[in-house]
Amino acid sequence: MKFTVAIDGPAAAGKGTISRAVAEKFGFAHLDSGLLYRAVGVKALEFGHGTVDLVAAEEIAKRLSAQDLARDDLRTAMAGQAASKVAALPEVRQALLDFQKDFSRREGGAVIDGRDIGTVICPDAEVKLFVTASDEVRAMRRFEELKKVDSDTKYEQVLTDLRARDARDASRDASPMVAADDALLLDTTKLTIDAAVAEAVALISKRIG
């Protein structure tokens, strides 16, 4: 069976957690497309010796390997900022496009989460969800994550960075972050993780059934 679930939304809205849970529930394969861009961003940052080398990013994207996706520094705030910068490059997005498209139509079903899955990568996905939450709630979630790694993390800076990234992702010329016209909206601002997952599973179950 080929069945694609496309899940989009801004950072820290819960789409990653929901995607993994949905994939496990239905036995689908899961791909966090953001990791692709984070891996490219981190390598471009290293190539530029502390500054994201946008010129080298395209070649890095073309040569991305499974080992690159297994790095333990892809969830840092620095990786997220670098990812947002390289993701704005049409050449980088094109280089990663075929990989994502092939993954989405694999036998057994697939769940892909990102920012342009339902609009660009999988416009014909059987189910499209756009997961969102208020800026303040998302910033607090990200702050609590980063605080475990860096005790000096400040909530106000996390909120500022999150809003800057949202603006950059939504305004870029290449595949801006927008909800697909036929996407189902899931606002997790006031939902627990379990409640958000349950709602997503219910929406998908209706489409499958």
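Just a few scattered comments:
- Test result for F99, assigned to a helix (DSSP H, G or I), touching a residue at least 60 places away in the same chain (Cβ under 8 Å) and aromatic (F, W, Y): yes
- Qualifying position, being farther than 21 Å from V111 by Cα, among the small types (G, A, S), at pLDDT 95 or above and exposed (fewer than 15 other Cβ atoms within 10 Å of the Cβ), among S151, S134: S134
- Pair list, Cβ < 8 Å and 6+ apart or interchain, from the range 169-180 residues that are closer than 16 Å to S33 by Cα to residues that are basic (K, R) and in a loop (DSSP other than H, G, I, E, B): D169/R115; S175/R115; M177/R115
- Contact annotation: residue pairs with Cβ atoms under 9 Å, 6 or more positions apart or on different chains, pairing a residue in the range 117-128 that is closer than 18 Å to P176 by Cβ with a partner that is part of a strand (DSSP E or B) and among the basic types (K, R), are I117/K128; G118/K128; T119/K128; C122/K128.
- Checked against (1) polar (S, T, N, Q); (2) out of contact with any helix residue (DSSP H, G or I) (no Cβ under 7 Å at 6 or more places or on another chain); (3) crowded, with 19+ Cβ neighbours inside 10 Å, Q67 meets all criteria but (3).
- Single unsatisfied condition, M140 versus (1) in contact with a Gly (Cβ under 7 Å, 6 or more places away or on another chain); (2) without any contact (Cβ under 8 Å) to a residue 24 or more places away in the chain: (1)
- Some residue of the range 68-87 being without any contact (Cβ under 8 Å) to a residue 24 or more places away in the chain and small (G, A, S): yes
- Among the residues of the range 93-111, those identified as touching a Gly at 6+ places or on another chain (Cβ under 9 Å) and not polar (S, T, N, Q) are G108, G109.
Residues checked against (1) over 20 Å from D113 (Cβ atoms); (2) surrounded by 16 or more Cβ atoms within 10 Å (Cβ to Cβ):
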position	(1), (2)
G34	no, yes
V40	no, yes
G48	yes, no
T51	yes, no
R71	no, no
A77	no, yes
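- Residue selected from the range 144-166 under the condition under 18 Å from S84 (Cα atoms) and free of Cβ contacts under 8 Å to residues at least 24 places away in the same chain, by the criterion farthest from the chain's Cα centre (by Cα): Q157
- Scoring D116 on the criteria (1) at pLDDT below 95; (2) surrounded by 14 or more Cβ atoms within 10 Å (Cβ to Cβ); (3) more than 22 Å from R93 (Cα to Cα) leaves a single failure, condition (3).
- Residue check for R93: in a loop (DSSP other than H, G, I, E, B) and either buried (at least 21 other Cβ atoms within 10 Å of the Cβ) or modelled with pLDDT under 95 (or both): no
- Unique match (being over 26 Å from D73 (Cα atoms) and without any contact (Cβ under 8 Å) to a residue 12 or more places away in the chain) among T188, T192: T192
The values are calculated or read from the model by the stated rules, or taken from the named source; none is laboratory data. Quick caveat: nothing in here was measured; it's all calculated off a predicted structure. Note: ideal-geometry Cβ built from the backbone for every residue, glycine included; neighbour counts use all protein chains shown.
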